[in-house]
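Scroll down for the structure; my scribbles are underneath it.
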Amino acid sequence: MNFIMNIPGLKDVLIEKIEEHGERIVLYVSLPKKLHRCPSCGARTKKVHDYRLQKIKHLKWFERLTCLFYKRRRYACACGKRFSEKASFIDKYQRFSKEWNLVAQVRCIKAKTFKEAGETLGTSSSTIIRRFQQVAKQHMVSGVRLPKAITIDEYKGDTDAGTYQLIVANADTHEPLDILPNRRKDTIKDYLYQYGADVELVVMDMNPSFKAAVREALGRTVIVADRFHFCRYIYWAIDEVRRKVQKERHAYDRKKCKRMRYVLYKRSRKLHDKSKWYRDRYIGMSEELKTAYELKEAYCEWFDWAKTTDDVVEVKRRLEAFYRKVGEARIPDFLKAIQTLKNWQVEILNSFAFNYSNGFLEVINNKTKVMKRNAYGFRRFDRFRAKILLNIQYKEIGVHLG
């Protein structure tokens, strides 16, 4: 008896019988008999030689694993050639349907782990890994021609290539371009030598190795320091002052000051009345902390104003005025912080002249850390690299397939 039903991926297939075997659904299928062209001589034939029963894994039905028993017909040609009929739902030498393979390609990328994808599709993790390697081979490239503006940042991968890897992205489109096996200066320099002929601007954090590699490989390319990374030096300075002065206080005030430290970080205008009371209490107990807080507020005032203007000369003049104010205060932690800012002053001023940021890369790195944690780490760098880049390419594709 033939069932007249349309099943995804089984177009023009005759379903002869449906059975339940434990937790599985078994479909017995075949194809209509029709003329086939002989692959040897090209003649047409409809003569059947014999039948072979082929077991094929298919997609789930109602969350139950599904198996096809395909009654494959073999034809005989007058030239003596024996050949199998052409089936639209399965490729040659495969034991999985085309629909299953398509879903497996998506699942191996979107699933948290290869094992999870295998359990969902009713197969082993090694099968999923093979599908993943096929997708990676099709879509991944060994090197790309970098655009005019790029951004680079490191993340902790803990793979066989090293503890830290480096991700390279397009600063305009926010599209990840490549991942380098480590963050060493020579690795970055060689990569930029090979693929960075068009690069005119690089956004980075304040890493001396990154800066040296870019300078040696690309010459007078514009380097932009990410704003978050140079602002945090001021906040680190006030935090060091807070730690130092609270050691001399009573246990209650020491612990309370630590818990309320956020009132020192926030802009003064954003504090509500209760927070202002705590701020006034604790900066009033130490002249050094009060001075440090005033310096932090002066820096925030400069930073907020600098984001609203295109006059880089005036931005530089006001920044140097802040340096003098820090010099007059003579707080060691702030003196150390502004020395770092002076070393990176050109790159800091570039961050206001060019509207680029590393923020989107931090989002990608956060996703990367989640992927690594869910999978309990990746041993092989090449698979982790492909997993990250392909996951971003497939972000618009849902995981409901299958």
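Counted as qualifying within the stretch 291-402 are the helices (runs of 4 or more DSSP H) with 2 or more residues that are free of Cβ contacts under 8 Å to residues at least 40 places away in the same chain, namely 312-329, 332-343, 345-353, 359-374. When the strands (runs of 3 or more DSSP E) confined to the stretch 25-87 are screened for residues that are more than 22 Å from Gly122 (Cα to Cα) and touching a residue at least 40 places away in the same chain (Cβ under 8 Å), those reaching at least 1 such residues are found at 64-76, 82-84.
In the stretch 167-182, what count of residues is obtained for those that are surrounded by fewer than 21 Cβ atoms within 10 Å (Cβ to Cβ) and either within 13 Å of the chain's Cα centre (by Cα) or over 19 Å from Gly359 (Cα atoms) (or both)? Break it down into steps so the answer makes sense when it comes.
Here is the first cut: in the stretch 167-182, the ones surrounded by fewer than 21 Cβ atoms within 10 Å (Cβ to Cβ) are 170, 172-178, 181-182.
Keeping just the survivors that are either within 13 Å of the chain's Cα centre (by Cα) or over 19 Å from Gly359 (Cα atoms) (or both) gives 174-178, 181-182.
The total comes to 7.
When Met206 is tested against (1) at pLDDT 95 or above; (2) touching a helix residue (DSSP H, G or I) at 6+ places or on another chain (Cβ under 6 Å), only condition (1) is not met.
For residues that are touching an Asp or Glu at 6+ places or on another chain (Cβ under 8 Å) and either buried (at least 16 other Cβ atoms within 10 Å of the Cβ) or closer than 21 Å to Ala43 by Cβ (or both), tally how many sit in the stretch 61-88. Before the answer, list the steps.
Narrowing the stretch 61-88 to residues touching an Asp or Glu at 6+ places or on another chain (Cβ under 8 Å): 64-65, 71-75, 88.
Next, from what is left, pick out any that are either buried (at least 16 other Cβ atoms within 10 Å of the Cβ) or closer than 21 Å to Ala43 by Cβ (or both): 65, 72-75.
Result for the stretch 61-88: 5.
Counting the residues of the stretch 277-290 that are hydroxyl-bearing (Ser, Thr, Tyr) and either over 22 Å from Pro332 (Cα atoms) or free of Cβ contacts under 8 Å to residues at least 24 places away in the same chain (or both) gives 1. Among the residues of the stretch 215-265, just one is without any contact (Cβ under 8 Å) to a residue 40 or more places away in the chain, touching a Cys at 6+ places or on another chain (Cβ under 9 Å) and among the charged types (D, E, K, R), namely Arg249.
With the requirement that a residue be more than 11 Å from the chain's Cα centre (by Cα) and of a type in the set (Val, Ile, Thr), what does the stretch 335-381 give you? If the condition is that a residue be more than 11 Å from the chain's Cα centre (by Cα) and of a type in the set (Val, Ile, Thr), then Ile338, Thr340, Val346, Ile348 are the ones that fit.
Put simply, of Ile238, Ile283, Ile234 the only residue that is among the β-branched types (Val, Ile, Thr), under 27 Å from Gly327 (Cβ atoms) and at pLDDT below 90 is Ile283.
In the stretch 200-214, the residues that are within 21 Å of Asp172 (Cβ to Cβ) form Cβ pairs under 9 Å with partners that are of a type in the set (Asp, Glu) and assigned to a loop (DSSP other than H, G, I, E, B), at six or more places apart or across chains, as follows: Val203/Asp226; Met204/Asp226; Asp205/Asp226.
The values are calculated or read from the model by the stated rules, or taken from the named source; none is laboratory data. Computed from a prediction, not measured in an experiment: that's the story for all the values here. Don't worry about glycine lacking a Cβ; one is built from the backbone with ideal geometry, like all the others, and counts go over all protein chains shown.
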